[in-house]
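The values are calculated or read from the model by the stated rules, or taken from the named source; none is laboratory data. Nothing here was measured: the structure is a model prediction, and the numbers come from that model. No Cβ is skipped: glycine too gets one built from the backbone with ideal geometry, and neighbour counts run over all protein chains shown. For the accessible areas, the whole protein counts, side chains as well, though only heavy atoms, and no ligand, DNA or RNA atoms are used. Shrake-Rupley method; radii C 1.70, N 1.55, O 1.52, S 1.80 Å.
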Amino acid sequence: MAERIEQRLEDRVPELEQLERVGLFTRKEIRAVLRKASALEYKIQRRALRKEDFINYIQYEVNLLELIKKRRARIGYSFKKDEIEHSILHRVHSLFNRATGKWKDDVQLWLSHVAFCKQWNAKHQLSKVFSTMLAIHSNKPALWIMAAKWEMETRLSSESARHLFLRALRFHPECPKLYQEYFRMELMNAEKQRKEKKEFEQAKMDLGEFNYSEEILNGEMARIVYRDASQKIKGVEFQLAVLSIAKLFDFTQDLQKEILESLQTKHTDDPLTWDYMARRELELGSLQPTEHTTKQKKVSEMAQREERCCAVFDEAVRAVPTEDMWKCYITFCLERYNRKTNSEELKQKRLERTLSVFSKAHESNLLPEALYKQWLQLLLDSNLSEKAVEVAEAATRHFSLSVETWQMRLQVLIQLKRDNVTQCFEEAIKHVKSEGTLPLWTLWVEWSEGTNSKEDTEALYQRSLHATTPAESVTMKEMYLDWTYRNGGYKKVKRLFTSLCENRPFSLDFFRKMIQIEKEQESCKMLHLREYYERALREFGSTDTDLWLDYIKEELSHPQGKPENCGSIHWRAMKMLQGDVVEDFVSKYTLLQTGHL
C-alpha cells in the first residue's frame, strides 16, 4: 500500500514543480499540499473504505483548482494548463470513478461527478459518466432527461438526445414526463433548424448541401411523439402539459389544434378540460394593437373576456355537475377577484360574480368543505355579516361531523360578538365525536376566559377534562393550570396541580409549568421543587436527559438545595435512562461538572 501511495505522490511532482516555477505557489505551500495529499491518499487506500474520505479528497482537489484559477487571474498567467490543471482534473475524475464504482447506488455521488464535469467543461468525460450512470440507474427517468437535455443544449446533438429518449422509453414506456421532454426536444430541434434555414436564406446561401426536411421543420416529429404517447398515457393532465409546451412555439398551430380536438373528444367529462377551455377565452381576447386603447376600453374588454370565461364555466357545471368542476369555477373567480385593478366597477363585478358562484355551488350541494372557509372570509371582508352567519350555519348542517367546519362557524360568531356562541358550542360538542374535539374545547375556554365569569370558565375547564380523550386532555391540563395561576394565585394552582396529578396522562410541559410557577414565588421552596421534579421523573425519567440535569442544577444553585444529593440523582439517572440518551446524559453531565453547561 505504501509503495502505491508513494507512486501516486511522485506522479504529482511535475505539476507541483510547474506551480512553483511559474510563481503560482511557494515552496512552503507545495510542501503543505504534499502533506495533505499524503494523508488523503492513505485514507482512500485502506481496506475498509469510507465514502466520506473520497468526498473529502475530491473537495480538496476542487478547492485546489479554484485557488489556482484565482491566482492565475491575479497575476495574469494563463500558460502551462495542460501540465497543471489537466493533471488535477484527471485525478478528480479517477477519484469519482472509484467512488461511484464502489457506491453505485448513491445517485448524489453520480450527480456530483456530472456537476464537476459541467463546471470544468469536460464534455468527453461527461458523456462517459452519463453512459455508465444510466446503465446502473436506468430506473430513474429524471437522469435520462438530464442526459438528453445536455446532449441537445450543450453538445447541440439532436440525434444523440433522440437516441437517449428512445432508450429511456423502452425502460419507462408510460412515463408522462419523459414524453413531455421528448416532445419539447423535437420542437426545439425544429425551431433551431427553422432559424438556421432563415439565416441562410437571408444570406442568400445555397442550401443544396444542407438537408432541411419540411416534415421536421413543421414539427412532424413532435406530432409522432405526441400520437405515440396518447395511445399509452390516457390522463387529461398529459394532454394539457403537451399543449402548454406546443404553445411556446409559433409554428405549431396545427399541432395545437390536433391536441385540442383530442382533448375535447376524449376528455369531455373531465373538469380540467372545461377549466382549460374556459381560461382559454382570456387569451383569445382582442388581437388588435392596444397602444392607443383607453383605460376604460381595456377594462371593458377584460370584463367581456371574463364574461366569456364564465359562460363556458356555466356550461361546464351543467354538463359535469361535480365538486371538482365547481372547485375549478370558484378558483377561477377567486383568482380574478384577487387580481389588482384600479377600476372599482370591475372589482365590484368580480366580487358579485364570485359570491354568486359560491351560492350556486352551495345550492347544488356540491361546494367542497374547504371552500366554505374562503366563502366566509370573502363575506366578512365585504361586511356581509348576516350572510356569513347564515352560510356558516348551512356549512355545519352539510358537514355536521367536521370539527373544522364547526370551528369555522364558531370563529365567525365570536368575531361578530353574537349572543348564541355558547349555544353553538353545545351544539358542536353534541354532533362531533369526543375524539378530535380538542380544537373546539381550546376555542371555547379561550373565548370563555375573555367573556364569562371565573366560575363558569373553571366549570368549563373541569368539563373539558372529562369530555376529551386522555391524549387530548393533556393540553387542557396545561391550559387549566396556566389560567388558574393567572386568576387564582399560587395556593389555588398548587391545589389544582395536586388534584390533576391523580389522573394520567401528563405532558412534560405540565410539570415544567408548575416548576416555573414555584420558582416565580418570593419564598420558592426546594421541598416543593423536589416534589415536582420527582413527579415529572416518574413519568419522563427514562427518556428526558434535560429533566435530570435541571434537577441537579436546581440542587446546586438553590439556596435550600443539597449538593450532596447530586450523586444519588446521577446514579438514578444512569439506572433509569434507556438507549442512546444515556450517552447524551453522560456528555452533558461532564460539561456541567466542568462549568461549560
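Using a 1.4 angstrom probe, figure out how much accessible area the chain has per residue, in square angstrom, rounded to the nearest whole.
Averaged over the residues of the chain, the accessible area is 56 Å².
Would you please give the residues with an amide H less than 5 Å from that of Lys140, counting only those at least 5 places away or on a separate chain, with H modeled from the backbone geometry?
Hits under the 5 Å cutoff: none.
Report the normalised scattering of the stretch 144-296 as log10 I(q)/I(0) at q = 0.19 Å⁻¹, calculated by the Debye formula with identical scatterers on the alpha carbons.
So the normalised log intensities are -1.16.
What value, in deg cm²/dmol to 500, does the helix sum -39500 (n - 2.57) over DSSP H runs of n ≥ 4 give at 222 nm once divided by the residues of the chain?
-25000 deg cm²/dmol, from helical runs alone.
Once label points are set 7 Å from the Cα along Cα→Cβ at both Thr451 and Leu508, what is their separation, rounded to one decimal in nm?
With each label point 7 Å from Cα toward Cβ, the separation is 3.6 nm.
Ranked from highest to lowest mean number of other Cβ atoms within 10 Å per residue, what is the order of the peptides 518-527, 146-155?
Peptide ranking by packing, descending: 146-155, 518-527.
Tell me, Kirkwood radius of the chain from alpha-carbon pair distances, in Å?
Roughly 32.9 Å, rounded to one decimal.
Note down the relative contact order for the chain as a percent, whole number, built from C-alpha pairs under 8 angstrom at least six residues apart.
Relative CO of the chain lands at 4 percent.
Using the scaling law 2.2 N^0.38 Å as the reference, what is the normalised Cα Rg of the stretch 87-152?
1.04
What number in nm² do you get for the stretch 410-485 if you take the convex hull of its Cα atoms and divide its surface by four?
4.7 nm²
Considering the Cα trace of the stretch 223-353, what is its radius of gyration and what is Dmax, both in angstroms?
16.8, 50
Taking each pair of distinct Cα atoms in the stretch 317-429 once, what is the resulting Kirkwood hydrodynamic radius in Å?
After inverting the mean inverse Cα-Cα distance, the result is 14.8 Å.
Which percent of the accessible area of the chain is formed by carbon and sulfur heavy atoms (probe 1.4 angstrom)?
Ligands and nucleic acids excluded, carbon and sulfur reach 49 percent.
Calculate, for Gln377 and Thr294, the FRET efficiency according to 1/(1 + (r/R0)^6) with r their C-beta to C-beta distance and R0 45 Å; round to the nearest 0.05.
0.85
Can you bin every Cα-Cα distance in the stretch 368-413 into 5 Å intervals starting at zero and give me the percent of pairs per bin, rounded to whole numbers?
Pairs per bin, as whole percents: 5, 27, 38, 21, 7, 1.
What translational diffusion coefficient, to the nearest whole µm²/s, does the stretch 48-140 have by Stokes-Einstein, given a Kirkwood radius computed over alpha-carbon pairs, a temperature of 4 °C and 1.567 mPa s viscosity?
It comes out at roughly 91 µm²/s.
Over the heavy atoms of Asp250, what accessible area does a 1.4 Å probe trace out, to the nearest 10 Å²?
Here the residue's solvent-accessible area equals roughly 120 Å².
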